[in-house]
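Before any comments, here is the structure.
The values are calculated or read from the model by the stated rules, or taken from the named source; none is laboratory data. Because the structure is predicted, anything quoted here is derived from the model rather than measured. Heads up, the Cβs are rebuilt from the backbone with ideal geometry, glycines too, and the neighbour counts pull from every protein chain shown.
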Amino acid sequence: MKLSRRQFGLGTAATAGGLFLPAVAPGSAMAQTNMFEGSSDQFSVTPPEDGKNWHPLAAQRPHNDILSRLQGIMHREGFDVLLLINPENILYSTGYFSKFAYAPGVPAGSQTAAVIPAEGKAHLVVSLYEKDDAPRQTIDVEYESVAGFVFVDDGTAESHQERDPVLDPALTIKAALSIAQDYLGPDGKIGIEAGMLLGGFRDYIEGELNGTPLTDCSGVMFESRLIKFPWEVDMLRLAAQHAERFMARAARELKPGMNAMGFDKMIQIAAWEEDRENSMSTLGYQTGIGPYWGIGLAPRNYVIQEGDVARIDGGGVHLGYISDISRTWVVGGSKPNQAQVDTYDALYAGFAKGLEMLAPGVKMKDLYAAIRAEVEKSSVIPVYPRGHMGHGISVAPTAEDVPKISQNEETVFQPGMCISMECSYMAAQGAPAPGPYNIEDSFVITEDGYERFTMAPDSIFWNV
């Protein structure tokens, strides 16, 4: 299905208002509605059960099914226990979205860790600061908290002890390893995320295990996370459609004559106001505008011109699940530059080729080759050596999850996989049409094709 810029603009605006989605021809894929329609003052939110304070969507998470799948793979691979410090793997295995696990500058494993035995309940080790929320936002998880510099007064003599402002960064690892050792037999097999452990943490673990080898369990986690449960698909759909709403709103509001310093504020206001389910915790995105295609963090002091190419890429994190789509448009929707049109059209041709091929049983490397060959038919992008044409999407913080749709990726698309497919092109000075370009949508693979969560426009002039 192709939408004109007018049809897309009307459809997206109506979707943002919760009215309708554009009609879809039979056999084509389009986004489904979210689990909740309208903002929190428009739908009924029942109080959580006693002892819980979690979001109503988090309460629907299939915790036991996820853990059962993970433990089944552990049994097959001979693991007795996993010691996890990767934020997304902690979230996936326990259901807890730890603030300190995701905090910038906090070494992985210094504040939060999970211990997953091949049988029995998951264990979670958190800082004292997260001791209250962790048990209220998970089920069937054992907890342990480690000392912190914060003063949490629970009336006990222990809570009134003096606090050291400088903490042992290995406290969490020590506590997690102690739990893990309870599940290790004489010839036990313990799994760690080899690429995540700091040298000092690894040295400590190896010293305590007295020769028991450490085995990388990254493949176990990858396999377990690859095929999404229906609830996970729902969350990724929700996150993608939220991103589409706030990007469309920002595109309509960005006008010639504005200073690009206000672009970020516009995006962030739109993102928070379009969060109908009140499920977004963080927002991550990149922007480009006019001749500035880079992704520096500081706002740009630049007066936006009519005809500038603008781009937003990324999205919000909803209960730990991330969105990653992109929208590109011409500010003002007028003063067409033919090179800009040709560039976008070349990228969309590649994207459309990907839509034709995307299906279960297709190898990722074959999809990559087809998209690239289609783009390279154009005169404006005759060489398109992009590293990948999309990637898995899952739990944060990694927007570009594995596997990647790349030239050597043998992975075959399977029902239940969630991906973002994209045709991205950063055109610097010297290219036919300098500026930031990206066409990106999110999908879930189905038994006979795919469901498309979002609908990228087929024209660069859609925001009018």
If a residue must be more than 16 Å from ALA122 (Cβ to Cβ) and buried (at least 19 other Cβ atoms within 10 Å of the Cβ), how many such residues does region 171-191 contain? 2
If you check ILE295, ILE304, ILE289, which single one turns out to be closer than 30 Å to THR343 by Cα, β-branched (Val, Ile, Thr) and surrounded by fewer than 16 Cβ atoms within 10 Å (Cβ to Cβ)? ILE295
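Given the structure, is ARG76 more than 16 Å from LYS228 (Cα to Cα) and in a helix (DSSP H, G or I)?
So ARG76 passes the test.
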Filter result for GLU142 (assigned to a helix (DSSP H, G or I) and either in the same structural domain as THR172 (by TED's automatic domain parsing) or surrounded by 22 or more Cβ atoms within 10 Å (Cβ to Cβ) (or both)): no
Against the condition at pLDDT 95 or above, within 14 Å of GLY191 (Cα to Cα) and not in a helix (DSSP H, G or I), how does LEU82 come out, does it pass? yes
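A quick yes/no check of all residues on (1) of a type outside the set (Lys, Arg); (2) farther than 17 Å from ALA433 by Cβ:
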{"position": "ARG276", "(1), (2)": "no, yes"}
{"position": "ASN301", "(1), (2)": "yes, yes"}
{"position": "GLN305", "(1), (2)": "yes, no"}
{"position": "ILE325", "(1), (2)": "yes, yes"}
{"position": "GLY332", "(1), (2)": "yes, no"}
With the requirement that a residue be assigned to a helix (DSSP H, G or I), surrounded by fewer than 21 Cβ atoms within 10 Å (Cβ to Cβ) and under 16 Å from the mean Cα position of the chain (by Cα), what does region 199-232 give you? PHE222, LEU226, TRP231
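Conditions tested, residue by residue: (1) of a type in the set (Asp, Glu); (2) over 22 Å from the mean Cα position of the chain (by Cα); (3) over 23 Å from GLU253 (Cβ atoms).
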| residue | (1), (2), (3) |
| --- | --- |
| PHE413 | no, no, yes |
| MET417 | no, no, yes |
| ALA427 | no, yes, yes |
| GLY430 | no, yes, yes |
| ASN438 | no, no, no |
| VAL444 | no, no, yes |
| GLU447 | yes, yes, yes |
| ARG452 | no, no, yes |
| PHE461 | no, yes, no |
When you check ARG300 against the structure, is it under 30 Å from ALA58 (Cα atoms) and either touching a helix residue (DSSP H, G or I) at 6+ places or on another chain (Cβ under 6 Å) or outside the structural domain of GLY390 (by TED's automatic domain parsing) (or both), yes or no? no
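The rows are residues; the columns are (1) touching a Cys at 6+ places or on another chain (Cβ under 7 Å); (2) modelled with pLDDT of 95 or more; (3) within 26 Å of GLU119 (Cβ to Cβ).
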{"position": "HIS160", "(1), (2), (3)": "no, no, no"}
{"position": "LEU167", "(1), (2), (3)": "no, no, no"}
{"position": "LEU177", "(1), (2), (3)": "no, yes, yes"}
{"position": "PRO186", "(1), (2), (3)": "no, no, yes"}
{"position": "GLY199", "(1), (2), (3)": "no, no, no"}
{"position": "GLY207", "(1), (2), (3)": "no, no, no"}
{"position": "LEU214", "(1), (2), (3)": "no, yes, yes"}
{"position": "VAL220", "(1), (2), (3)": "no, yes, yes"}
{"position": "PHE229", "(1), (2), (3)": "no, yes, yes"}
I need the full set of residues from region 145-198 which are small (Gly, Ala, Ser), part of a loop (DSSP other than H, G, I, E, B) and without any contact (Cβ under 8 Å) to a residue 12 or more places away in the chain, in order please. GLY155, ALA157
